[in-house]
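Q: Attaching a single structure in structure tokens format; questions to follow.
The values are calculated or read from the model by the stated rules, or taken from the named source; none is laboratory data. A quick note: this is a predicted structure, and the numbers were derived from the prediction, not measured. Using ideal geometry, Cβ is built from the backbone for each residue, glycine included, and neighbour counts are taken over all protein chains shown. Surface accessibility is based on the protein's heavy atoms, side chains included, excluding ligands, DNA and RNA. Shrake-Rupley method; radii C 1.70, N 1.55, O 1.52, S 1.80 Å.
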Amino acid sequence: MEAALIGAGNMGANHARVLLNRTDTHMLHVCDPNSSRLQALPCDPRLRGYLDIDSLLANSSRLEFAVVAVPTEYHYQVARRLLEC
């Protein structure tokens, strides 16, 4: 699976850990505007980090699903952007 994870805070980091533990995850694209959160994620060759969602979408070839792990107030904005691609 090729997956996207939007948000690498506390919940996002947990989602990243679970997704990377799956044997069927061959690429995980993670987006967070805070570069230190991206750097704190596990070092894994299947993980790619982006500071904005447009960069993630431009560099992901075939997303199969996305996990939105941002504060609730941003869910609609992020989900809408993902659905537009």
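Q: Which ones in region 1-36 are within 10 Å of Ala69 (Cα to Cα) and of a type in the set (Val, Ile, Thr)?
A: Ile6
Q: Could you run through region 37-47 and say how many residues are among the basic types (Lys, Arg) and farther than 12 Å from Ala8 by Cα?
A: Residues in region 37-47 being among the basic types (Lys, Arg) and farther than 12 Å from Ala8 by Cα: 1 in total.
Q: Residues of region 8-40 being touching a helix residue (DSSP H, G or I) at 6+ places or on another chain (Cβ under 8 Å) and within 22 Å of Tyr76 (Cβ to Cβ), which ones?
A: Ala8, Gly9, Gly12, His29, Val30, Cys31, Asp32, Arg37
Q: Right, next: Spot the failing condition for Leu82; the list is (1) in contact with a Leu (Cβ under 9 Å, 6 or more places away or on another chain); (2) without any contact (Cβ under 8 Å) to a residue 24 or more places away in the chain; (3) surrounded by 13 or more Cβ atoms within 10 Å (Cβ to Cβ); (4) not basic (Lys, Arg), and only one is missed.
A: (2)
Q: Suppose we keep only residues that are part of a helix (DSSP H, G or I) and of a type in the set (D, E, K, R) within region 1-52. Which one would you say is surrounded by the most Cβ atoms within 10 Å (Cβ to Cβ)?
A: Ranking the qualifying residues of region 1-52, first place goes to Arg37.
Q: Taking the residues in region 56-71 that are open to solvent by less than 40 Å² (accessible area, probe 1.4 Å) and free of Cβ contacts under 8 Å to residues at least 60 places away in the same chain as candidates, determine which candidate is nearest to the chain's Cα centre (by Cα).
A: Only one residue tops the list, namely Leu56.
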